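No value in this document is a laboratory result; all are computed from the given coordinates. The structure displayed is predicted, hence computed values, not measured ones. Here the Cβ is made from the backbone with ideal geometry for all residues, glycine too, and neighbour counts use every protein chain on show.
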Amino acid sequence: MAEKTKKRKADHIRIATTYNVQAKKVTTGFEDVYFVHKALPEIDKDKIDLSTTVFNHKFSAPIIVSAITGGTTEAKKINATIAKVVEELGLGMGVGSQRAALEDRRLEKTFSIVRKKAPTAFLIANIGGVQLARGYAIKEARKAVEMIDADALAIHLNPLQEAIQPEGETSFKGVLEKIGEVAKEIDKPVIVKETGAGIASEEAKRLEAVGVKGIDVSGVGGTSFAAVEYFRAKNSINTFQRKLGETFWDWGIPTAISIVEVVQTVQIPIIASGGIRNGLDAAKALALGASLVSLAQPVLQAAVKGAKENEKILRVLIEELKNSMFLVGAENPQKLHKTPIVIMGKTAEWLKTRGFLIESYARRDEL
């Protein structure tokens, strides 16, 4: 089992850095979100403070590198590279699913390297919701946290990916109850994250009710794991799974929509991820109500090239975020949360049809 998991992780890295696995016909929805430009920003751009405190941790900017990888030799190098840069910039980082290391202790170092390289950064451990349903319990959750001395534990939900995978596990019965048990027993914040298909209001409400302390929406518009599994099936000449991957390539809830659905439903912090590719996307996500933003694919591609490329892409993202804040007169993330934005197009249609309020975003008080 461990060897199969290890090979699957290697496949995912290879495919994500070789093929175009981004959503095809569905976008994040950020193109429907418009800032109201301030010709008189009345602030000094150089004095903008990006720092924010979430989960009792101070971030130098509201940015996390999303869960990417672990469990292979190449993954160890990638995790080390990302962790080093995250530490230097004062950001956060999640590791990929730790299932491989829970099955084979020899693979623990591919994850534990992150704490060695990032002694003070906010680190997020990661286990699968479906594994909880199939036998994982508090023991495995604690072990995942201890493995990287994590500040939080992410439980990922990936029903779409499991449904497309040839070896997928699709028995999600009882997942919510198990998440609640872990949230109650673990002394770190439990964050539930999707993996590219988004989280709706209804699920967010149920997750908050069982004690989850944060939700990472991971909506449609970025990497599609149906697409990743499509290429795995294509390379193995599995026509049945390949067809499934093709059909469900764009399945899910666009990121901007998912943010609003969840923000207007729960009180816990929201992490925005899924197709965030620049600082303007990040600014829009924060203005919609997210506490942090997270991205994976651009960082993975940069990390494969080395630390300099990795640092460059994150520094550019931070500068783009700061520029966006300057142009709307927001001196810090708290004021960005209150800056006027206008939601149009398909995103507005979806949200209105589902009964969510969007006019309030456009009619905020003067900063």
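Which Cα, out of 55, 20, 91, lies furthest along the positive dipole direction of the range 11-112 (beta carbon charges, K/R +1, D/E -1)? Positive-most Cα among the choices belongs to 20.
Bridging of residue 45 to aspartates and glutamates at a Cα separation below 14 Å is possible for 319, 320, 331, once same-chain residues fewer than 8 apart are set aside.
Volume per residue of the convex hull around the Cα atoms, evaluated for the range 9-106, comes out as 183 Å³. Label separation (residue 18 vs residue 57): 3.3 nm, computed from points 7 Å beyond Cα along the C-beta direction. Note on residue 24: lysines with a C-alpha under 21 Å away, same-chain residues under 8 apart excluded, are 234, 243, 346. Among 240, 211, 221, which residue has its Cα furthest toward the positive end of the charge dipole of the range 209-272, with +1 on Lys/Arg Cβ and -1 on Asp/Glu Cβ? Going by the charge dipole, the pick is 240. The ellipsoid equivalent to the alpha-carbon distribution of the range 12-68 has semi-axes of 32, 22, 11 angstrom, derived from the gyration tensor eigenvalues as √(5λ) and listed largest first. Which pairs, out of 116/178; 109/188; 58/116, put more than 24 Å between their alpha-carbon atoms? Flagged as over cut-off: 116/178. The packing ranking of peptides 245-251, 347-353, highest mean first, is 245-251, 347-353, where packing means the average number of other beta carbon atoms within 10 angstrom of each residue.
Over the range 250-367, calculate the relative contact order: mean separation of alpha carbon pairs under 8 Å at least 6 apart, over the residue count, as a percent. Write down the numbers at each step before the final one.
On the way: 138 pairs, mean separation 29.2, N = 118.
Worked out over the range 250-367, it gives 25 percent.
Helices in the chain, meaning DSSP H runs of at least 4 residues, each add -39500 (n - 2.57). Divided by all residues, the mean residue ellipticity at 222 nm is -14000 deg cm²/dmol.
Could you work out how much longer the chain between residue 323 and residue 342 gets when fully extended? Use 0.36 nm per residue separation minus the Cα distance between them, nm to one decimal. Don't skip to the answer; put the middle values down first.
Working: separation 19, 0.36 × 19 = 6.84 nm, distance 1.88 nm.
Taking 0.36 nm per residue and subtracting the Cα distance, the gain is 5.0 nm.
Think of the range 121-169 as a dipole: +1 on every Lys or Arg Cβ, -1 on every Asp or Glu Cβ, centred on the Cα centre; then among 132, 161, 122, 132 lies furthest on the positive end.
Charged side chains reduced to their Cβ positions (Lys and Arg at +1, Asp and Glu at -1) give the chain a dipole of some 980 debye around its Cα centre.
For residue 304 and residue 104, the difference between the fully extended length at 0.36 nm per residue and the C-alpha to C-alpha distance is 69.6 nm.
Rounded to the nearest 20 Debye, what is the dipole magnitude of the range 128-178 about its Cα centre when Lys and Arg each give +1 and Asp and Glu each give -1 at the C-beta?
Numbers: 6 positive and 8 negative charges, 43 e Å.
Result for the range 128-178 is approximately 200 debye, rounded to the nearest 20.
When peptides 46-59, 142-155 are ranked by their average number of other Cβ atoms within 10 Å per residue, the highest-first order is 142-155, 46-59. Fully extending the segment from residue 206 to residue 88, taken as 0.36 nm per residue of separation minus the present Cα-Cα distance, adds 38.8 nm.
Using per-residue counts of other Cβ atoms within 10 Å, averaged over each peptide, order 319-331, 118-130, 210-222, 169-181 from highest down. Numbers along the way, then the final one.
Details: 319-331: 19.5, 118-130: 22.9, 210-222: 25.2, 169-181: 15.5.
Final packing ranking: 210-222, 118-130, 319-331, 169-181.
Where a ≥ b ≥ c are the square roots of the eigenvalues of the C-alpha gyration tensor, would you call the range 102-232 rounded, which needs a/c under 1.5, or, failing that, prolate if a/b is larger than b/c, or oblate? Could you put the intermediate results ahead of the total?
Details: a/c = 1.45, a/b = 1.17, b/c = 1.23.
The shape class here is rounded.
Seen from all sides and averaged, what is the projected area of the convex hull of the Cα atoms in the chain, in nm²? Let's see the in-between values first.
Values: hull surface 67.0 nm².
Result: 16.8 nm².
Rounded, prolate or oblate: which fits the range 217-351 when a ≥ b ≥ c are the square roots of the eigenvalues of the alpha-carbon gyration tensor, with rounded for a/c under 1.5 and prolate only if a/b beats b/c? All intermediate terms of the calculation are to be shown ahead of the outcome.
Values: a/c = 2.82, a/b = 1.43, b/c = 1.97.
Cα axes put the range 217-351 in the oblate bin.
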